[in-house]
Structures are given as C-alpha cells and as structure tokens.
Amino acid sequence: ELKEIVFIIQSQRNSFHSKRAEDLKRDILKQAADLGKELPTVLLIHQMDGLEGAWTILPLMRDFSVTYGRNSSWIFFCEEDTRVQVVKLLETLRRFDRSKEWFLGKPLYDEESTIIHHYAFAENPTVFKFPDFAAGWALSIPLVNKLAKKLKSEPLKSDFTIDLKHEIALYIWQKGEGPHLTPVPEFCTDDVNSNKVDHCATTFSNFLPLCGEPVKKEDVFVAVKTCQKFHGDRIPVVKQTWEREAALIEYYSDYADTSIPTIDLGIPNMDRGHCGKTFAILERFLNHSSPRTPWLVIVDDDTLISIFRLRKLLSCYDPNEPVFLGERYGYGLGTGGYSYITGGGGMVFSRTAVQKLLASKCRCYSMDAPDDMVLGMCFSGLGIPITHSPLFHQARPMDYPKDYLSHQIPVSFHKHWNIDPVKVYFTWLAPNTEESLNGKKVGYNREDL
C-alpha cells in the first residue's frame, strides 16, 4: 500500500533548494490524494533533527527503524529534481518481497578504478554497483532494521564523506555479507519529456537550473589561486579556455608576474594547504572589488570551469542570503563534524556569506591549513548551510561513471593528470549550440576523456 512507503527527499536548507523539495513533496501527496489512497509519509532531510550529517543518510537509520520499522515496507529516497510517478512506483515495488532485505536503484559503476573511490575494486571496478540518487533508490524495512542494529553496535567511522552514493552501497554490501544493489529498470534518469520514459517510475527533470535571466558577467568575480611554479603550464590553459568567459578575474600567486598578470598577496606558497591565501582573497574581495559585485568564485589554477553555465546556475540563488556553493564533502559527520565545499571543483560565495564569515572571528588555525575544510568549519559554526551542486566536480570526467554525467550539464572539472585539459574543456564545458536550444540537452560529441 502507498501508506507503507516513506518518501525521503534529499533536500537542502538553502531557500532555492528547500522550495524545490517542498514542490516535490506537494506533487507526491497530490498524486496520492488523486488515487484516493491513504497518504504516505514524505520527509525532507534538511528538516530532520538538526543533524549536521543528516544528508549522509546512514546516521538516520536508527530513527527510521524506530519510527517506521513496524508499519512501513519501504523507505524510498529521491533528490529534489527526481520526478516520481506514484502509481508506477507502487507497481514496481510490489514485484519485490517486502519481507526480505532489498537495496534497489539504478546502477552506476566505475569503468576504471578512481581516486574518488580510493581505487576500490581495482582488479575490476565494474563489478561493484552503486545507486544513481537522481533516479531514486529504495531500502526495504528489514534492511533498514538490520542497518540500524549494526550502526548501534558499530558506530560510523568519523572520517571523510566524499561520494555518498558509493559509500552507502559499500556500507550496505558489508564486504559481501549484505545485499548488492538490485538494478530496477523503472528507476530512470531520462528527461521527463523523453519518449523513452513510458515504463519509468521515476524521471529526472534538471540538467542545469536556470531561474530567469543568467546573472550578468560583471556580477561574478573570479579568483584563481596559483603559484610561480605553475605560471608556465597551468595558467596558459586557463587563458586558452575559460578566461574569456570571465569579465572580472584576478590571479593570486606568491610572485608578481606582469605578463599574466598575477598579484602577490605576500603569502608564500604552502604544500599542505592554502588557508592563508584564501582568507587574503576573501578580504581583498570585500575591501577592494566593487561593493556591487554579488558573487565570488575561487578556483585552483587546474580547475576547468564554465563561467557561462555558472551564471545560469547562480540565477537561482539569492545573493542577499549567505550562499556557499560547490561540491559538498563531509568530515567527521558521525561524531558531530562538519560539511565543506571541496576546493578543486570551485567554491562560490555570495558577498553576504563573505561578510558574515569575516565579521566572525573564525580564521585559519595555521597558514597552511586546508582552506576548504577551515571554511566548512567556520560556516558550520555560523549556522550557514553548505549548498551542494553535483555540477561541480573535484576530479576529471573520466573519474565519474558515464551514466552519471549523462544527466548533467557540468559546471566544472579539476586536475590535469594524464589528460589534455584544453580538449576536456572544449568537449565538456565550452559554451556551444547545445546551450541555446531552449535549454534542451542535446548530444555532445564526447570522446572517452
């Protein structure tokens, strides 16, 4: 029965995202009401018991087990942009014996072992499947109860959360003792308007958000972190690729080179981390850029980014809110740690967020501390949410499953290892005709980059 499904929307606190999640909740409840069925429970993750790590889901299993372990059959998870056909979902779940342990989803797998997953399954990475959250995924209540019990006796290790979908699948798999992901063809990521979706219980509605007009070029200030040893090889790549998309851009280094030009912030380059440099950039943005520039983007010199697409994405955010946006990681979330935006994919700040941060006393504990983690700690202490977008990427296109990238119009990639970065930019990120076809996504000619 529909009332035996608990829907969990993987929502976020930022106003744009929470509204999207509320819209999806309303849609699910309306479909249920139209069927004349008893309404299911629909919950938003960002509203759950103030847990900083609620987005990592596993810490919620004990609550799910206690609250829903008796009267429910399934916990169904989806993202705010997942579209759910409730009737089809019911038909799909009825195929599975709810008294057994099931982990259902649309499978992704690594084509080759990747740093994002700590080179797991190096012999044959294709054997391990993990769910594409955009398609929705489901756990049967017996599995939820088992996970809750395990978590009680073995608390989660308090280290890094980097790719949640892979880490959850690994935890459930339990080195082969737990269930593998069962592929469900009705969990889809095709666009809701595609002619392929007749059999789908879920579809996916958003390749790149746009809310009205893109923000103006002059409203985005871009700060590139570099150092003298990379002036000769990394900066030319920026110049050949995305620099022309930025109206306001400065290069910050440990050496003033007029040919680029770079600005020497008076902070030596550190091997371990760049906290001192990043805070100097934040101070400069607040005190030396036009006070009317609402957005700051900080990137590494080996970040490949589409400022053109970023301007579309930023149209959905209110610069009067403290916004800290990019690819979200977690540290120590099992023991009250914090979330942070990983620096390589690009960190986006509203001016309001920078003002609130610098008005606080939160600063680097050492000049070479990891800047992205210190920023996460600071914003967490200030109660400012970390806003995640899957369109920012800490690694290269080849480090992600092709099927995962197929429902994105990416904003950034990072690192130049063993690739031609100029080619990657023009294949994946350069503004092209696909951008102007009424926002519709059309095929790229993408080689295996």
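The values are calculated or read from the model by the stated rules, or taken from the named source; none is laboratory data. Computed from a predicted model, the values in this text were never measured in an experiment. FYI the Cβ positions are ideal-geometry reconstructions off the backbone, even for glycines, and counts take in every protein chain you see. Ligands, DNA and RNA are stripped out before the accessible areas are found, and what is left, the full protein with its side chains, is counted by its heavy atoms. Shrake-Rupley method; radii C 1.70, N 1.55, O 1.52, S 1.80 Å.
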Output the antiparallel fraction of DSSP beta bridges having both residues in the chain, as a percent to the nearest 5. 45 percent
Computed over the Cα atoms of the chain, what is the ratio Rg over Rh, Rh following Kirkwood? 0.97
Cα centre as origin, Lys/Arg/Asp/Glu Cβ charges: the stretch 208-342 dipole, Debye: 200 debye
With a length cut of 20 Å (Cα positions projected on each helix's long axis) and a Kyte-Doolittle mean of at least 1.0, go through the chain and give me the DSSP H helices that pass. none
Theoretical gain in end-to-end length, Ser194 to Lys30 [0.36 nm per residue, Cα-Cα removed]: 56.7 nm
Listed by chain and number, the lysines with an alpha carbon less than 24 angstrom from that of Lys277, same-chain partners under 8 positions apart left out, are Lys225, Lys229, Lys239, Lys356, Lys361, Lys415
Exposed GluC sites (Glu not before Pro) being those in a DSSP loop with at most 14 other Cβ atoms within 10 Å, the longest stretch of the chain free of them is 178-446
Round to the nearest 10 and report in Å² the accessible area of Tyr109, as given by a 1.4 Å probe over the protein chains' heavy atoms. 90 Å²
May I ask you to derive the relative contact order of the chain, considering only C-alpha pairs under 8 Å and at least 6 residues apart, and to give it as an integer percent? 15 percent
List the Cys residues of the chain that have no partner Cys with a C-beta closer than 4.7 Å. Cys78, Cys227
Mind running the shape call on the stretch 184-236? Use the C-alpha gyration tensor, a ≥ b ≥ c as the square roots of the eigenvalues: rounded below 1.5 for a/c, prolate if a/b tops b/c, oblate otherwise. oblate
Relative contact order as a percentage, the stretch 63-141, C-alpha pairs under 8 Å and 6+ apart, gives 46 percent
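Let's test the formula: R0 of 60 Å, r as the Cβ-Cβ distance of Thr258 and Thr67. What FRET efficiency results, to the nearest 0.05? Mind showing how you got there, number by number?
On the way: r = 64 Å, r/R0 = 1.06.
The computed FRET efficiency comes out at 0.40.
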Hey, how much of the P(r) for the stretch 344-415 falls beyond 20 Å, as a percent of Cα pairs? 43 percent
Relative to the present Cα-Cα distance, how much length would full extension add between Ile115 and Arg272 at 0.36 nm per residue of separation? 54.7 nm
Which parts of the stretch 301-342 would a label at Leu382 reach, counting a residue when its backbone N lies under 15 Å from a point 7 Å out along Cα-to-Cβ? 319-326, 339-341
Once you charge only the Cβ atoms, +1 for Lys and Arg and -1 for Asp and Glu, what is the size of the charge dipole of the chain about its Cα centre, to the nearest 20 debye? 940 debye
Would you mind working out the accessible area per residue for the stretch 217-448, using a 1.4 Å probe, and quoting it in Å²? 39 Å²
Distance from a point 7 Å along Cα→Cβ of Leu39 to each backbone N in the stretch 1-16: keep the residues under 17 Å and list them by number. 2-9
How much accessible area per residue does the stretch 1-82 have, in Å², with a 1.4 Å probe? 44 Å²
Linear extension gain, Val422 paired with Gln174, 0.36 nm per residue minus alpha-carbon span: 85.2 nm
Specify which residue in the list Leu314, Met270, Asn287 is farthest towards the positive end of the charge dipole of the stretch 217-448, using unit charges on the beta carbon of Lys, Arg (+1) and Asp, Glu (-1), about the Cα centre. Leu314
Over the stretch 2-204, with every protein chain in place, what whole percent of the accessible area is carbon and sulfur at 1.4 Å, could you tell me? 50 percent
Inter-part gap, Cα centre of the stretch 62-100 to Cα centre of the stretch 264-284, in whole angstrom, is 48 Å
Overall Cα dimensions of the stretch 268-346, principal axis frame, Å, largest first: 38, 33, 24
Prolate/oblate/rounded label for the stretch 206-281 (Cα gyration tensor, a/c 1.5): prolate
For the stretch 99-162, listing trypsin sites (Lys or Arg not before Pro) in a DSSP loop whose Cβ sees at most 13 other Cβ atoms within 10 Å gives Lys100, Lys157
For Leu382, Leu313, give the ranking by accessible area with the largest first, probe 1.4 Å. Leu382, Leu313
With +1 on the Cβ of every Lys and Arg and -1 on the Cβ of every Asp and Glu, the dipole magnitude of the stretch 217-448 about its Cα centre, in debye rounded to the nearest 20, is 440 debye
